[in-house]
1. Test of understanding: in a Gaussian network model of the chain with alpha carbons linked when under 10 Å, which of Asp156, Asp44, Asp145 would top the mean-square fluctuation ranking?
2. Please identify, among Arg43, Arg154, Arg171, the residue showing maximal mean-square fluctuation in a Gaussian network model of the chain using a 10 angstrom Cα cutoff.
3. Could you run the Karplus curve 6.51 cos²θ - 1.76 cosθ + 1.60 with θ = phi - 60° over region 20-31 and give me ³J(HN,Hα) per residue in whole Hz, x for Gly and Pro?
4. Using the structure shown, list the pairs from Lys16/Lys118; Lys134/Lys183; Lys6/Lys89; Lys134/Lys187; Lys81/Lys164; Lys5/Lys89 with a Cα-Cα distance above 20 Å, or answer none.
5. List the residues whose amide H sits under 5 Å from the amide H of Ile67, counting only those 5 or more places along or on another chain, with H placed 1.01 Å from N in the peptide plane.
6. Among Ala110, Ala137, Trp182, which residue has its Cα positioned farthest towards the positive end of the charge dipole of the chain, with +1 placed on the Cβ of Lys and Arg, -1 on the Cβ of Asp and Glu, and the dipole taken about the Cα centre?
7. Give the distance, in whole Å, between the Cα centre of region 72-136 and the Cα centre of region 37-62.
8. With runs of 4+ DSSP H residues as the only contributors, calculate the mean residue ellipticity of the chain at 222 nm using -39,500 (n - 2.57) per run, divided by the residue total and rounded to the nearest 500.
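Coordinate-derived values only; no laboratory data. Just so you know, these numbers come straight off a predicted model, no measurement behind them. Positions of Cβ are backbone-derived with ideal geometry, glycine not excepted, and every protein chain shown enters the neighbour counts.
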Amino acid sequence: MAAPKKLEQALLDLTKALEELRPPGVVIGGIAVIASGFARLTRDLDATFWLNGDVEEAIDHFKRHRIVPRIKHAAEFARTKNVLLMQHKTTHFPIDLSIAMLPFEQGVIAHPRKITYKGFSLRIPHLTDLLVYKLVAHRPQDLQDAEELLNLSRQDVDVRRASKTLREFARILERPELIDAWKKMLKSFR
């Protein structure tokens with residue numbers, strides 16, 4: 001587990017890099033969950049951004065902020081998987097940069113929640129969108145995050161919008177378990 005100081009150094013450079021993009025990128029993943037009020041540890045930083053230009057230009061942009069590829073052929077990987085696998089040059093803290101492509105992601109980037117976390121100005125998804133991200137990822141930690149977020153802030157969740165978005169993802173990805181997990185979660189919090 002990385003020391004908090006390493007996380008903060010990496011987060012500082014990441015937020016600066018994201019703010020310079022047009023439109024600015026959004027921090028997602030564990031830090032967004034933590035900043036939303038759920039205390040947990042994180043082993044990496046995650047963000048999403050809209051690609052204007054080509055992948056190499058994006059890599060160069062992040063390099064100017066001490067965020068460098070952590071694998072060989074990072075550009076080729078990003079072209080096929082839509083994620084830049086990066087790390088903070090100074091601290092070696094892993095950073096995954098998702099290249100936004102879907103209307104859902106465009107909405108997250110266009111209408112973020114702006115908060116201050118540990119002195120950082122962060123653009124993170126609205127709670128409903130963060131829950132959707134977590135349910136689509138569907139790993140045990142993501143499902144736990146979604147449950148905790150729903151438990152902490154049930155009144156701030158747009159259940160109708162989350163349900164609609166999850167139905168779309170379930171259909172497109174052919175993953176009905178997304179809806180099953182969401183219904184089960186909602187039932188336990190009523």
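1. Judging by the Gaussian network model, the answer is Asp156.
2. Arg171
3. Running phi through 6.51 cos²θ - 1.76 cosθ + 1.60 with θ = phi - 60° gives 7, 6, 10, x, x, x, 10, 7, 10, x, x, 5 Hz.
4. Working: Lys16/Lys118 15 Å; Lys134/Lys183 14 Å; Lys6/Lys89 11 Å; Lys134/Lys187 18 Å; Lys81/Lys164 25 Å; Lys5/Lys89 14 Å.
The pairs that break the limit, which is 20 Å between Cα atoms, are Lys81/Lys164.
5. Lys89
6. The Cα lying farthest towards the positive end belongs to Trp182.
7. 4 Å
8. Mean residue ellipticity, 222 nm, calculated: -16000 deg cm²/dmol.
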